[in-house]
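> Pasting a structure below so you can have a look.
The values are calculated or read from the model by the stated rules, or taken from the named source; none is laboratory data. A quick note: this is a predicted structure, and the numbers were derived from the prediction, not measured. Cβ: placed from backbone, ideal geometry, glycine included. Neighbour counts: every protein chain shown. Please note that ligands, DNA and RNA were not included when accessible areas were found on the heavy atoms of the full protein model with its side chains. Shrake-Rupley method; radii C 1.70, N 1.55, O 1.52, S 1.80 Å.
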Amino acid sequence: MGKKLYGADGTALETAVRGPGDRPAAPVVPRPRAARLAVSTVFFVTGAAFATWAARVPAVQDRLDLSAGQLAIALAGLSSGAFLGLPVVGGLVARYGSRTVLCAGMAGYLAALAALAFVPGLAALTVVLALFACGNTAVDVAMNTQGVLVERAYGRPVLGGFHAMFSLGGIVGAGAGALVAWAGVGTGPHFAVTAVVLCAVAGVAVTALVPEPRRTAASGDRSGPLLALPGPGLWIPGLIAFCALMGEGVVNDWGAVYLHEVADAAVGAAGAGFAVFSAGMVIGRLSADRVRPRVGTTGFLLGCAVVAGAGALVPIVSPTVPAGLFGYGLLGLGLAAVVPVVFSHAADLRPDRPGPSIAAVSAVGYVGFLAGPPVIGFVAESTDLRVAMLVLPALMAVLAVLATRLRRA
């Protein structure tokens, strides 16, 4: 049984016959390099936009005169909006196509970024952050779906490189935020100008994105479920993402605290821990696409678990600043490509519906991202922070076991 494939201009190109395992042939893309550059640009823009907000959180807090507790309430809106939007976004991608959802999500995402500088109080900040997170979620699922389509067109892994562009965008966005804050520029002009510039860049990029076949993106097929929830074969990739994202969340929120309180690092050195972790993430994502084909998905994930587990153990065994920085670099290197790899694997399990699969895996993984920091806090309160951080190597051990249970695409 054949099915039509459509190129970047939306025209029918050829009829492809399904291969073994009911897996469709790779999509034919007339300009694969242009599509790859477009998706890379979208990843970069998404990372830069989020880092723009993250770098100016203290300025927004000061402008609204928020206490730490009030800021926590606002940030809960951010995480809740992201988590609650994931299942719905997957269904929308299945019904309307990733390019359509990406365009709508990017518009809402950047509009919310600009609005964050002008909210009048806590309630408005919480609502706009929830909308900001929903837009980010829509873009995240859609751009990963686009990444999978480009990866299939290339016939080799490229998704890790896309995620590296997200990290690079975050570095650029955070660096620019630090510079404008140092120059005394307010959040209003900073957020507004950034949103306009990034919108223009994204607007050019989306013209080269890959459309899904017309039966889902344009033919009016609305038979798919609106909610994308994990099904058979997706729980294992989801739990692997859970372990990886829980590890990321722990390092994000507790890494600097651990270096400061346990390793007696100065405040500046403690902050450098996250920078080293981020650098490890970028290196790992840039190299993942070359390493993974040589060792296979399971072997690659096992290697990631070993490297990340070793990185998690080093600061615990030797609670010093050099050991901590070295360990965080290894941890970032090991965790870097776990999520893009399981996204690619999940999309291959259901090749006709990659968006819902990615959204379902993301939803399970995001639970870990949210749960990790409170778990560490609870265990540290009962024992101490050094003992609590043993959760990280334990997670990596679980990840290694789960990697051996992955169902073949």
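> Taking all protein chains as present, what is the carbon and sulfur share of the accessible area of the stretch 231-372, in % to the nearest whole number, probe 1.4 Å?
72
> Sticking with this structure for a sec: Say R0 is 25 Å: what FRET efficiency, to the nearest 0.05, do Tyr154 and Val295 get from their beta-carbon distance?
E(calc), rounded to 0.05, equals 0.85.
> Which one, (i) 122; (ii) 143; (iii) 131, gives volume of the Cα convex hull per residue in Å³ as derived from the coordinates shown?
(iii)
> Running a GNM on the chain with Cα contacts under 10 Å, which residue among Leu102, Leu71, Leu259 ends up with the highest mean-square fluctuation?
Among Leu102, Leu71, Leu259, the largest mean-square fluctuation in the Gaussian network model of the chain belongs to Leu71.
> A further question on this structure: Run the simple label-point estimate for Leu64 and Val379 please: 7 Å along Cα→C-beta, distance reported in nm.
Modelled inter-label distance: 3.2 nm.
> Give the separation of the Cα centroids, the stretch 316-336 to the stretch 96-174, in Å.
After rounding, the separation between the Cα centres reads 29 Å.
> May I pose another question? Summing Lys, Arg as +1 and Asp, Glu as -1, what charge do residues with Cβ under 12 Å from the Cβ of Pro340 carry, Pro340 excluded? Walk me through the numbers before you get to the answer.
Details: positive: Arg285, Arg292; negative: Asp140, Glu151, Asp289.
Net of charged neighbours comes to -1.
> If we sort 133-145, 105-117 on the protection proxy, mean other Cβ atoms within 10 Å, highest first, what's the order? List each step's numbers first, then the result.
Values: 133-145: 27.8, 105-117: 21.5.
Top of the packing list down: 133-145, 105-117.
> Run the quick spin-label model on Ala310 and Ala397: label points 7 Å from Cα toward the beta carbon, then report their separation in nm to one decimal.
1.8
> Which value, in Å², gives the accessible area per residue of the stretch 345-409 when a 1.4 Å probe is used on the protein heavy atoms?
Numbers: 2790 Å² over 65 residues.
Value returned for the stretch 345-409: 43 Å² of accessible area per residue.
> Continuing with this model, one more query. With a 1.4 Å probe and all protein chains left in place, how much of the accessible area of the stretch 99-218 comes from carbon and sulfur atoms, in whole percent? Don't jump to the answer; show the numbers that get you there.
Details: 3430 of 4450 Å².
Of all accessible area on the stretch 99-218, carbon and sulfur atoms account for 77 percent.
> Could you check the simple spin-label distance between Ala178 and Ala111, using points 7 Å along Cα→Cβ, in nm with one decimal?
For the pair Ala178/Ala111, the computed spacing is 3.3 nm.
> Would you compute, from DSSP H runs of 4+ residues alone, the mean residue ellipticity of the chain at 222 nm, taking -39500 (n - 2.57) per run and dividing by the full residue count, rounded to the nearest 500?
-26000 deg cm²/dmol
> Counting alpha carbon pairs within less than 8 Å and at least 6 residues apart, what relative contact order, in whole percent, applies to the chain? Write out the running numbers ahead of the final one.
Details: 753 pairs, mean separation 92.8, N = 409.
Relative contact order of the chain: 23 percent.
> Let me ask another. Residues of the stretch 56-178: accessible area per residue at 1.4 Å, in Å²?
Values: 4240 Å² over 123 residues.
In whole numbers, the stretch 56-178 has 34 Å² accessible per residue.
> Considering only Ser40, Ser98, Ser287, give the residue with the highest GNM mean-square fluctuation for the chain, with springs between Cα atoms whenever their separation is below 10 Å.
Largest GNM mean-square fluctuation: Ser287.
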